[in-house]
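Step one of this worksheet: look at the structure below.
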Amino acid sequence: MSRFMKARIAAVGQISTTVRRLTLVPAESGQSFTPFSPGSHIVLGIPGEGRTCRNAYSLISAPDDSSQYCIAVRRQPLSRGGSEAIHSRIKVGDVLEMSAPANLFLPQWQARHHLMLAGGIGITPFLSYLPELERRGASWELHLRSQDLDAVRFPEAAAHVASGGITQYRLERPNLAALLSRQPAGTHVYICGPQGMIDAVHAAAAALHWSSARVHHEVFAAPAPGMPFTAVARNSGVEVAVEADESLLEALERSGVETTSLCRGGVCGQCRVELLDGEAEHRDAFLNDQERASQRCIMPCVSRARSASLVLDL
Amino acid sequence: MQFAPRDDQAFHGQFTFKNSAHAIKRFPFPFPEDEYRYSVNIEPHALPGKSGSITEHMLDIDEHYLSETAERARVLDSDPKRCLVMPHMQPAAWDFLEFVMTYYARDYPESFSFERQGDDCHWRNHLLGLEQSFRMGDDTTLPMAPLDYIGRQVQGDIALLDQRDGDLFMDAGMITCPADWSLAFDAGMSFSQWHGPVPLAHEMGIFERALKYLCAIQVGGPVHRLNWTMTIHPRMDSSPETFSEWGSDRATITPDNAGRDVHLRVELQTLVRMPRSHALFFGIRTYLINLDDLCTNPVWQSRLLKVLHTLPPELIEYKGLTRYLPSVLEWLERREAGVGASQAEKQSA
Ligand code: FES
């Protein structure tokens with residue numbers, strides 16, 4: 001991952017027994033973060049035992065506030081280390097690596113009405129929607145289903161719970177068919193929550209003949225990493241360990257192997273190399289299906305290995 | 001300062017536009033190899049770029065700044081529809097204004113300054129002699145709409161693309177120097193719609209790939225590419241709306257006047273994600289050079305000749321070169337032969 005900056009934990013708050021709210025500020029005083037668009041997330045590097053864990057978190061603070069970013073983190077029962085560390089070790093004053101905000105879940109500004117459906121911690125991307133929807137005078141409603149999370153505990157949401165903009169469900173589920181069928185034409189629906197909820201809303205919308213272009217769900221960018229593996233540049237006689245959070249191309253460059261590249265995003269075709277041995281996990285948009293299946297070439301700027309090592313004609 | 005802007009150049013009428021030796025030297029020659037190949041030649045716009053080059057800064061300004069902004073004002077006065085902002089793009093227009101002011105002031109501090117206290121802003125453009133206090137995001141505090149205001153101070157065309165449903169839509173922009181396309185016509189179109197006419201590219205799946213990549217551009221990760229065509233006379237505004245003024249120029253080219261009248265037209269296209277609105281800014285900075293000036297560089301001369309010889313017919317047609325390409329080739333061949341001869345003379349001497 002590129003474009004890292006350093007962020008300092010300025011405050012830690014407890015939203016529920018399992019959810020913490022962190023306030024991040026620029027590590028150096030006098031700096032500010034970039035403003036961001038509603039629905040943006042950052043990737044936070046959380047130092048753990050032996051390795052840094054990189055997790056994506058939605059920004060929940062107001063998008064035009066560049067003095068600080070806020071996130072909310074749920075303690076995951078099967079934590080890979082990230083959420084566990086945030087709940088047990090991270091404290092005010094700690095400095096962490098953070099990516100620039102990226103957005104894969106943007107409000108559709110042409111919608112007549114915005115219907116947001118959140119499951120538990122899935123409320124987070126919508127918290128940054130609210131100030132901008134309000135600022136633009138857009139029409140919206142938010143439904144939160146959670147057994148233990150109360151939107152009132154989020155300073156970003158409290159006023160909207162009181163005014164009725166946010167409807168909450170504890171053990172019962174919202175009646176999706178009823179909810180969707182009373183929406184005005186031109187409504188867009190956004191879902192962030194467990195896969196079952198996403199599927200249920202898509203199914204309910206399809207049953208009512210909603211165009212799929214009006215149904216959106218959050219997909220976090222799997223922040224590029226994958227399994228570490230070994231790359232062998234046969235002609236140069238170089239063997240290099242590709243770390244989980246660097247690309248094959250970066251690893252080759254690091255070890256001084258001559259490569260060409262242009263877009264570094266899997267579209268231009270410049271970095272293509274012959275694969276002599278090993279199995280590639282193709283992540284590019286350049287190769288066609290036949291080329292992928294043949295396992296005879298790979299685009300090292302984005303693609304990785306499925307096998308323990310890859311032997312390249314370099 | 002790297003450049004000395006001059007305001008005495010016209011892109012119409014007598015066509016007094018001229019490149020200085022410095023401008024010729026930094027001209028973005030677009031052909032990396034002898035054969036022309038269609039490709040997705042997008043790369044990260046890593047800043048700062050090479051010192052003095054057109055990609056040194058986020059936004060490039062050169063000696064033609066005053067002439068080009070004057071030309072832009074002239075075109076806008078005669079056709080205000082060249083600037084267009086759909087209502088949902090208002091926030092993107094403000095985003096863009098803030099972006100331009102920030103980078104112009106940072107990269108060209110002798111020419112621009114931008115001070116800011118919260119939303120209270122003060123902007124100075126020394127080159128155009130403008131000074132303005134305003135509140136960020138408040139339309140009533142500017143003399144005109146935000147894109148209109150800042151667009152008139154920007155060198156290069158501007159499109160602001162809205163992203164939805166995995167596609168990009170041309171929903172705002174200020175386009176006064178297009179190479180034969182029109183904002184009014186393309187407005188509201190999706191990426192694949194406005195690229196509809198490009199031959200070959202569709203079959204090669206280039207657009208599908210490029211679109212995916214462009215949609216994934218994030219804040220802090222701008223990219224750029226070069227595009228090229230040819231234009232008769234240094235005419236910035238070769239839009240379909242003014243075709244009647246320039247269409248017939250193509251018939252005037254002979255092997256004798258090609259060096260003076262035929263211009264290589266190179267666009268530095270920059271794509272930058274706007275932070276607040278998530279709109280994608282598509283900047284088109286146009287560089288013009290006539291063949292006489294271009295061929296003061298012998299490497300460029302022989303490569304241009306080779307590239308033009310290998311152009312597929314569909315592209316010759318698409319780029320509008322059909323009529324005068326033979327004259328250009330003859331002019332180049334004569335010149336190559338001349339250069340070759342003088343080199344041979346030198347060697348035998
Ligand atoms: S560098 Fe463009 S595909 Fe790898």
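Each row is one residue, and each column tells you yes or no for (1) open to solvent by less than 10 Å² (accessible area, probe 1.4 Å); (2) modelled with pLDDT under 95; (3) in contact with a His (Cβ under 9 Å, 6 or more places away or on another chain).
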{"residue": "B:Met274", "(1), (2), (3)": "yes, no, no"}
{"residue": "B:Gln301", "(1), (2), (3)": "yes, no, no"}
{"residue": "B:Tyr318", "(1), (2), (3)": "no, yes, no"}
{"residue": "B:Leu321", "(1), (2), (3)": "yes, yes, no"}
{"residue": "B:Gln343", "(1), (2), (3)": "no, yes, no"}
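Consider A:Ile121 carefully, then state whether it is open to solvent by less than 20 Å² (accessible area, probe 1.4 Å), in contact with a strand residue (DSSP E or B) (Cβ under 7 Å, 6 or more places away or on another chain) and more than 14 Å from chain B (Cβ to nearest Cβ).
No; evaluated as a whole, the condition is false for this residue.
Across the stretch A:230-265, which residue is surrounded by the fewest Cβ atoms within 10 Å (Cβ to Cβ) among those that are β-branched (Val, Ile, Thr) and within 16 Å of the ligand (Cβ to nearest atom)?
A:Thr260
Out of the residues in the stretch B:14-56 that are open to solvent by 20 Å² or more (accessible area, probe 1.4 Å) and not in a loop (DSSP other than H, G, I, E, B), which is farthest from the ligand (Cβ to nearest atom)?
So, considering only residues that are open to solvent by 20 Å² or more (accessible area, probe 1.4 Å) and not in a loop (DSSP other than H, G, I, E, B), the one farthest from the ligand (Cβ to nearest atom) is B:Ala21.
Filtering the stretch A:266-283 down to residues that are surrounded by 22 or more Cβ atoms within 10 Å (Cβ to Cβ) and near the ligand (Cβ under 6 Å from one of its atoms), which residue is farthest from the other protein chains (Cβ to nearest Cβ)?
A:Cys271
Which of (1) at pLDDT below 95; (2) charged (D, E, K, R); (3) not in a strand (DSSP E or B) does B:Glu110 not meet, given it meets every other one?
Result: B:Glu110 fails condition (1) only.
In the stretch A:284-312, which residues are open to solvent by less than 20 Å² (accessible area, probe 1.4 Å) and either touching a residue at least 24 places away in the same chain (Cβ under 8 Å) or more than 13 Å from the ligand (Cβ to nearest atom) (or both)?
Result: A:Cys297, A:Ile298, A:Met299, A:Pro300, A:Cys301, A:Ser303, A:Arg304, A:Ala305, A:Leu310, A:Leu312.
Taking B:Asp95 as meeting all but one of (1) in contact with a Lys or Arg (Cβ under 6 Å, 6 or more places away or on another chain); (2) assigned to a strand (DSSP E or B); (3) surrounded by 19 or more Cβ atoms within 10 Å (Cβ to Cβ), write down the number of the exception.
(2)
Residues are listed down the side, and each one gets a yes or a no for (1) at pLDDT 95 or above; (2) in contact with a Pro (Cβ under 7 Å, 6 or more places away or on another chain); (3) closer than 29 Å to B:Met89 by Cα:
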| site | (1), (2), (3) |
| --- | --- |
| A:Arg136 | no, no, yes |
| A:Ser139 | yes, no, yes |
| A:His143 | yes, yes, yes |
| A:Asp148 | no, no, no |
| A:Ala162 | no, no, no |
| A:Tyr169 | yes, no, no |
| A:Glu172 | no, no, no |
| A:Leu176 | yes, no, no |
| A:Gly193 | no, no, no |
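Between a residue in the stretch A:88-99 that is surrounded by 12 or more Cβ atoms within 10 Å (Cβ to Cβ) and any residue that is of a type in the set (A, V, I, L, M, F, W, C) and part of a loop (DSSP other than H, G, I, E, B), which pairs come within a Cβ distance under 7 Å, given they are 6 or more apart or on different chains?
If the second residue must be of a type in the set (A, V, I, L, M, F, W, C) and part of a loop (DSSP other than H, G, I, E, B), the pairs left are A:Val95/A:Ala27; A:Ser99/A:Met1.
Please determine whether any residue of the stretch B:57-65 is of a type outside the set (Gly, Ala, Ser) and outside any loop (DSSP other than H, G, I, E, B).
yes
The values are calculated or read from the model by the stated rules, or taken from the named source; none is laboratory data. Values in this document were obtained by computation on a predicted structure and should not be read as measured data. All Cβ positions, even for glycine, are placed from backbone atoms using ideal geometry, and neighbour counts span all protein chains on display. Keep in mind that these areas ignore ligands, DNA and RNA; they rest on the heavy atoms of the full protein, side chains included. Shrake-Rupley method; radii C 1.70, N 1.55, O 1.52, S 1.80 Å.
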